[in-house]
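Student: This is the structure I have questions about; it appears just below.
Every number here is computed from the coordinates shown, using simple stated rules; none is lab data. Given the structure is predicted, the values throughout are model-derived calculations rather than measurements. Every residue, glycine as well, gets a Cβ built from its backbone with ideal geometry; the counts of neighbours run over all protein chains shown.
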Amino acid sequence: MFENFTVPKELIPSDPRFGVGPSLIAMEHFKTLAETGSKLMGTSHRKSAVKNLVKEVQNGFRQYFNLPEDYQVVLGNGGATFLWDMMALGMVEKNSAHFVCGEFSDKWFRAHKKVPWIKAQEYKVDFGKGINPESKSDADMICTTLNETSTGVQISKLCEVNDKTILAVDATSGAGQIACDVSKTDMFYFSPQKVFAGEGGLFFAFMSPKAIERTEKIAADKSRYIPVVMEWKLAIDNSKENQTYNTPGITGLYLVNEQLKAMNKLGFAKVEKEAKRKADMIYSWAEKKDYLSPFIEQNEFRSQAVATINLDEKFSADDLIKKLRDLKVVYDIDSYRKLGKNQFRISLFHNVTYENLEKLTKIISLAIES
């Protein structure tokens, strides 16, 4: 369908990466990593060079999110998927309530459902719809997803929970540019390969005293089996010492730190404002074209991090996506594979510039209209 399409030189983005995971990593961060020479790479994570890096990352997150002093910044190996099992085994007492609006929030629910002693409750809407968390009297953990990467849905508010309930937020693709009062959560966690332009394989969790107390209570129950690598005490105690329990990928830590330093210079408010500006532009473009429409119809649930845009069935999104990749001008705007939708899924992460997103919209429009 688009065999003969070419992109005018003036529309070629300065960077072709528009995918929602992993994120566009600033190339200058690799250059500064190389400049560290033998001081960092190949160093034990128990030595000061790496411990100082971890401490700088932890302090950077404290500053950026304005974390309460009594919250712990806990990190470790394994991404958010690893944490779903780790939370199920070491943080849920009996019942978890899951608010599901896409593939990843559904995977979190299914991870808890597999644990024999947990009653996992699912509150689900059709993919493409939004759902805010609600307090449930019989649940000791409320599980909600700040930004559903598969569909481009973000929540619009948190719920209040009682002293016996943990409010857990999967913030993987929204942390950093979608407003969320972390002080109202007990477990705010994410993998850093999205807004924070790191690599996969790490998790970061901001834990309240209540969440930590819960892990201690469950750990004291010796009848419950928890694999050593998933013991919360080990993760928390090592994080207090600016370490991880087992050896981390230093490259990923370094990249996150460089991204954090750049974002802290701007501050959360400016980053969020720019994210909203990009989202407004993308959704406005989709609404103006008769062959496009935002997948998320409810304005309050449209993401400022991941935009999903439907394309009229007369045109093949897959064919255009392949053509643009072959031309090496636009990479990875495919829809989430399991949704089976004829649509584009576009990253609005911090490193994807407004100017390049604007060029992307013009490229797609030119391809369709010509």
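Student: Among the GluC sites (Glu not before Pro) in the range 239-275, which ones are in a DSSP loop with at most 14 other Cβ atoms within 10 Å of the Cβ? Mind listing them?
Tutor: Counting only loop positions with at most 14 other Cβ atoms within 10 Å, the GluC sites (Glu not before Pro) in the range 239-275 are E241.
Student: Under a Cβ-Cβ cut-off of 10 Å, what is the net charge of the residues other than F349 that fall near it, where Lys and Arg count +1 and Asp and Glu count -1?
Tutor: Details: positive: R17, K194, K278; negative: none.
Local charge sum for F349: +3.
Student: How big is the gap, in Å, between the Cα center of the range 315-370 and the Cα center of the range 222-259?
Tutor: If we compute the Cα centre of each part, the gap is 36 Å.
Student: Oh, and also: Longest exposed-loop-site-free stretch of the chain, with chymotrypsin sites (Phe, Trp or Tyr not before Pro), DSSP loop and at most 14 other Cβ within 10 Å?
Tutor: Working: sites that count: W117, Y225.
Counting only loop sites that pass the neighbour cut-off, the longest clear stretch is 226-370.
Student: Please order M91, M141, M1 by the number of other Cβ within 10 Å, starting at the fewest.
Tutor: By the 10 Å Cβ count, ascending: M1, M91, M141.
Student: Right, here's the next one. Report the trypsin sites (Lys or Arg not before Pro) located in the range 189-276 that are in a DSSP loop and have at most 16 other Cβ atoms inside 10 Å of their Cβ, or state none.
Tutor: Filter output for the range 189-276: K222, R224.
Student: Related question: For the range 29-265, what relative contact order do you get, as a whole percent, if you take Cα pairs closer than 8 Å and at least 6 residues apart?
Tutor: Relative contact order of the range 29-265: 27 percent.
Student: Would you mind calculating the gained length between S223 and M1 on full extension (0.36 nm times residue separation, minus the Cα-Cα distance), in nm to one decimal?
Tutor: The S223-M1 span can extend by a further 73.8 nm.
Student: Let me ask something else. Report the Cα centroid-to-centroid distance between the range 38-60 and the range 65-142 in angstrom, as an integer.
Tutor: Taking the Cα centre of the range 65-142 as reference, the centre of the range 38-60 is 30 Å away.
Student: If the elastic network links every pair of Cα atoms under 10 Å, which of H98, H112, H29 fluctuates the most in the Gaussian network model of the chain?
Tutor: Ranking H98, H112, H29 by mean-square fluctuation puts H29 first.
Student: Right, another one. What do you get for GluC sites (Glu not before Pro) in the range 97-191 restricted to DSSP loop and a cutoff of at most 11 other Cβ within 10 Å of the site's Cβ?
Tutor: E160
Student: Once you order the gyration tensor axes a ≥ b ≥ c over the Cα atoms, which shape class does the range 75-167 get: rounded for a/c under 1.5, otherwise prolate or oblate by comparing a/b with b/c?
Tutor: oblate
Student: Hey, another quick one. Give the residue from I321, L357, S303 lying farthest towards the positive end of the charge dipole for the range 291-370; charges sit on Cβ (+1 for Lys and Arg, -1 for Asp and Glu) and the dipole is referred to the Cα centre.
Tutor: Going by the Cα projections, it comes out as I321.
Student: Sum -39500 (n - 2.57) across every DSSP H segment of at least 4 residues in the chain, then divide by the residue count to get the 222 nm mean residue ellipticity, nearest 500.
Tutor: Taken over the chain, the calculation gives -11500 deg cm²/dmol.
Student: While we're looking at this one, here's another question. To test your reading of the geometry: what angle, between 0 and 90 degrees and rounded to tens, separates the Cα axis of helix 80-90 from the longest principal axis of the chain?
Tutor: Compared with the principal axis, the helix lies near 20 degrees.
Student: Now for a different question. Relative to the longest principal Cα axis of the chain, at what angle does helix 354-369 sit, 0 to 90 degrees, rounded to 10?
Tutor: 50
Student: What full-extension length gain, to one decimal in nm, is calculated for E369 and E134 as 0.36 nm per residue of separation minus the Cα-Cα distance? Numbers along the way, then the final one.
Tutor: On the way: separation 235, 0.36 × 235 = 84.60 nm, distance 4.43 nm.
Gain in length upon complete extension: 80.2 nm.
Student: Run the dipole for the chain about the Cα centre, Lys and Arg Cβ at +1, Asp and Glu Cβ at -1, nothing else charged, and hand back the magnitude in debye, nearest 20.
Tutor: 620
Student: Need one word for the range 172-316: rounded, prolate or oblate. Basis is the Cα gyration tensor (sqrt eigenvalues a ≥ b ≥ c); a/c below 1.5 gives rounded, then a/b vs b/c decides.
Tutor: prolate
Student: Is the range 262-370 best put as rounded, prolate or oblate by its Cα gyration tensor, with a ≥ b ≥ c the root eigenvalues, rounded for a/c under 1.5, and otherwise prolate when a/b is larger than b/c, oblate when not?
Tutor: prolate
Student: Let me ask something else about it. To the nearest 10 degrees, how steep is helix 209-219 against the longest Cα principal axis of the chain, on a 0 to 90 scale?
Tutor: Tilt relative to the chain: about 60 degrees.
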